[in-house]
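Beneath this line is the structure, given in structure tokens, with notes to follow.
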Amino acid sequence: MSTETVTISRLGAQGHGMAHGPEGPIYVPYALPGETVAIARNGSQGTIMSMAAASSDRVEPPCRHFNPDGDACGGCSLQHLADAPYQAFKRDLVIEALRSKGLTPDVAPLVACRPGQRRRVVFSVRKTETGALVGFNKAETNHIFAVVECPISSPGIVGKLGAIRSVASSIASGAETFRLAVTETVSGLDLAAEGVKPLGDKQRRRIIETVLLAKGVARVTVNGEILVEPQKPLVDFGGVLVSPPPGTFLQATREAEDAISALVLAHVGKAKRVLDLFAGSGTFSLRLARIARVHAVEGEEKPLKALDHAARNTQGLKPISIERRDLYRRPLTPQEIKPFDAVVFDPPRAGAEVQVRELARSGVKKIAAVSCNPLTLARDLSILVEAGYSIRSVTPVDQFLWSTHVEAVALLDR
């Protein structure tokens with residue numbers, strides 16, 4: 001390890017400050033462009049020892065757990081960066097990913113995320129002598145610290161931290177560590193614990209009793225098994241109430257979901273038949289069914305059942321057909337896609353390369369691509385552009401505040 005002084009030129013893709021050394025780039029967490037810092041360097045990694053002058057873009061972090069000088073939370077990496085450069089950085093992540101594939105479409109300003117909007121948070125839990133330790137991992141470690149506040153999370157989650165700890169304590173046993181996903185729904189919190197050792201009858205009773213005494217908890221599941229469900233957890237997809245299965249995918253904020261959906265629906269326009277790929281529990285399908293017939297395709301059975309149940313019990317929707325299908329192993333063929341006027345796809349982070357190659361050959365007029373990974377989105381878009389599609393717009397959407405994760409919506413036609 002050596003000590004040296006460097007000047008930060010820009011932010012890297014992980015939000016760390018980057019300086020240029022004789023042996024290549026040096027990454028310095030919590031440093032900002034324009035700052036000259038003395039660092040302790042270990043290879044390509046640097047730790048700030050002192051700072052000559054702070055950047056004018058540096059702001060006071062709003063959360064006590066964001067502490068670069070001590071045990072910092074690993075959930076946020078950019079709380080110290082002012083809004084305007086932070087939003088420009090996220091937009092640039094999308095622009096650079098597209099440029100890496102030779103794509104230079106118009107990229108709209110970032111749809112911003114605000115504090116208190118996250119409706120889904122994953123805590124780490126470990127049993128201690130005084131109860132369950134419920135919190136987040138410290139930056140770049142497996143050590144857990146007890147969370148006291150979380151400005152990114154919704155008031156509905158932060159305000160129920162006491163109830164969450166009580167339920168977590170009833171689940172915890174031995175020295176195990178497990179993860180507890182907490183989702184705020186219309187009818188209360190949905191708690192899903194994963195990585196828990198098999199439960200005995202006594203522990204099951206304790207969990208159920210704790211939940212029934214707690215206020216505002218709709219459901220608790222352990223390793224995918226529903227233990228207690230005082231109320232069906234419900235999410236609102238554009239006016240349609242859906243009870244999603246435990247642990248199912250959900251956009252991280254309602255505001256981002258609404259913004260993405262508005263872009264998708266505007267692009268689909270007057271299409272009469274729409275194909276929704278990687279449909280999940282119906283985030284887009286149920287909204288699209290207000291204006292068009294929809295065929296929803298999803299690889300998992302439980303989300304499809306939730307979608308189908310909601311569709312059958314909601315008036316005013318056009319018909320929605322469902323199909324369970326692994327789109328990575330058995331993508332829809334061009335012949336199957338041709339009857340549709342528009343296609344929407346929102347795959348996992350790996351993207352949808354196999355399916356996109358079939359889409360490219362189908363000739364479908366309109367495509368809306370939603371992605372949480374700019375790099376795989378750029379790859380998929382390049383396949384479509386090579387096949388003759390035009391990218392009308394790309395809109396980056398932030399729903400993971402103060403992190404380096406960014407969503408994007410790309411609208412194409414031919």
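Where both partners of a DSSP beta bridge lie in the chain, what percent of those bridges are antiparallel, to the nearest 5?
Here the share of antiparallel DSSP bridges comes out near 70 percent.
Please give the FRET efficiency for Asn67 paired with Asn313, using the beta carbon to beta carbon distance and R0 = 60 Å, rounded to the nearest 0.05.
It comes to 0.80.
At 1.4 Å probe radius, can you tell me the per residue accessible area of region 260-307 in Å²?
About 36 Å² of surface per residue is accessible.
How far is it, in nm, from the label point at Asp83 to the one at Ser2 when both lie 7 Å from their Cα along the line to the Cβ?
Between Asp83 and Ser2, the simple spin-label model gives 4.3 nm.
Please list log₁₀ I(q)/I(0) at q = 0.10, 0.11, 0.15, 0.19 Å⁻¹ for region 220-305, using the Debye equation with identical point scatterers on the alpha-carbon positions.
-0.27, -0.33, -0.59, -0.89
Taking 7 Å along the Cα-to-C-beta vector as the label spot, tell me the Ala350-Arg205 distance in nanometres, rounded to one decimal.
4.4 nm
For Glu225 and Glu149 in one chain, what is 0.36 nm times their gap in residues minus the Cα-Cα distance, to one decimal in nm?
Stretched fully, the Glu225-Glu149 segment lengthens by 24.4 nm.
To the nearest 10 Å², what's Cys76's accessible area with a 1.4 Å probe?
20 Å²
Counting every Cα pair in region 302-414, what percent are over 21 Å apart?
So the portion of pairs separated by more than 21 Å is 44 percent.
Using bins 10 angstrom wide from zero, how does P(r) for region 1-141 break down, in % of all Cα pairs?
All Cα pairs, binned at 10 Å, distribute as 10, 33, 33, 19, 4, 0 percent.
Whole Å is fine, so just give me how far the alpha carbon centre of region 161-197 lies from that of region 364-380.
Here the two parts' Cα centres lie 34 Å apart.
Given a 1.4 Å probe and every protein chain left where it sits, what share in percent of the accessible area of region 26-89 is carbon and sulfur?
Accessible surface attributable to carbon and sulfur in region 26-89 totals 48 percent.
What do you get for Rg/Rh over region 90-132 if you use C-alpha atoms and the Kirkwood form of Rh?
Result: Rg/Rh = 1.34.
Whenever you get a sec, line up Lys272, Lys302 from highest to lowest accessible area (probe 1.4 Å, protein heavy atoms).
Sorted descending by solvent-accessible area, the residues read Lys272, Lys302.
Go through region 186-215 and name the trypsin sites (Lys or Arg not before Pro) that are in a DSSP coil and have 15 or fewer other Cβ atoms within 10 Å of their Cβ.
Counting only loop positions with at most 15 other Cβ atoms within 10 Å, the trypsin sites (Lys or Arg not before Pro) in region 186-215 are Lys215.
Could you give the Stokes-Einstein D for region 239-286 in µm² per second, using the C-alpha Kirkwood radius, 4 °C, 1.567 mPa s?
Here the translational diffusion coefficient equals 108 µm²/s.
Which whole-number percent gives the relative contact order of the chain, counting Cα pairs below 8 Å spaced six or more residues apart?
Computed over the chain, the figure is 14 percent.
Using a 10 angstrom cutoff on alpha carbons, build the Gaussian network for the chain and name the most mobile of Ala84, Ala40, Ala172.
Ala84
Label Lys270 and Ala53 with points 7 Å out from Cα along Cα→Cβ: what is the distance between them in nm?
Modelled inter-label distance: 6.0 nm.
Mind listing which GluC sites (Glu not before Pro) in region 18-116 are in a DSSP loop and have 16 or fewer other Cβ atoms within 10 Å?
Glu23
Roughly how many Å² of His16 are accessible to a 1.4 Å probe, to the nearest 10?
40 Å²
How do the peptides 274-283, 25-34 rank, highest first, by the average count of neighbouring beta carbon atoms within 10 Å per residue?
274-283, 25-34
Can you give me the orientation-averaged projected area of the convex hull built on the Cα atoms of the chain, in nm²?
Result: 21.8 nm².
Could you list the trypsin sites (Lys or Arg not before Pro) in region 316-388 that lie in coil according to DSSP, counting only those with at most 11 other Cβ atoms within 10 Å of their Cβ?
Answer by residue number: Arg329, Arg349.
Between Leu234 and Glu23, what FRET efficiency comes out of the Förster formula 1/(1 + (r/R0)^6) with R0 = 60 Å and r the beta carbon distance, rounded to 0.05?
Once rounded, the FRET efficiency stands at 0.60.
State in Å² the accessible area per residue of region 1-110; use a 1.4 Å probe, count heavy atoms of protein chains only, and round to the nearest integer.
Result: 52 Å² per residue.
Whose amide H sits under 5 Å from the amide H of Val344, counting only residues 5 or more places off or on another chain, with H placed in the peptide plane?
Hits under the 5 Å cutoff: Leu275, Asp276, Leu277, Ala368.
Let me check I have the definition right: for region 174-226, take the eigenvalues of the Cα gyration tensor, multiply each by 5, take square roots. What are those semi-axes in whole Å, largest first?
Working through the eigenvalues yields semi-axes of 19, 14, 9 Å.
Could you sort Phe136, Phe178 by accessible area so the largest value comes first, with the probe set to 1.4 Å?
So, going from the largest accessible area down, we get Phe136, Phe178.
Students often get this wrong, so check it: of Lys90/Lys272; Lys232/Lys318; Lys90/Lys197; Lys202/Lys232; Lys197/Lys232; Lys160/Lys202, which have C-alpha atoms separated by over 28 Å?
Going by Cα-Cα distance, Lys90/Lys272; Lys90/Lys197 fall outside the 28 Å limit.
Give me the extension gain from Arg414 to Arg290: residue separation times 0.36 nm, minus the current Cα-Cα distance, reported in nm with one decimal.
42.2 nm
The values are calculated or read from the model by the stated rules, or taken from the named source; none is laboratory data. Predicted model, so just to flag it, every value in this text is computed and none were measured. Cβ coordinates were reconstructed from backbone atoms using ideal geometry, including for glycine residues, and neighbour counts include every protein chain displayed. Keep in mind that these areas ignore ligands, DNA and RNA; they rest on the heavy atoms of the full protein, side chains included. Shrake-Rupley method; radii C 1.70, N 1.55, O 1.52, S 1.80 Å.
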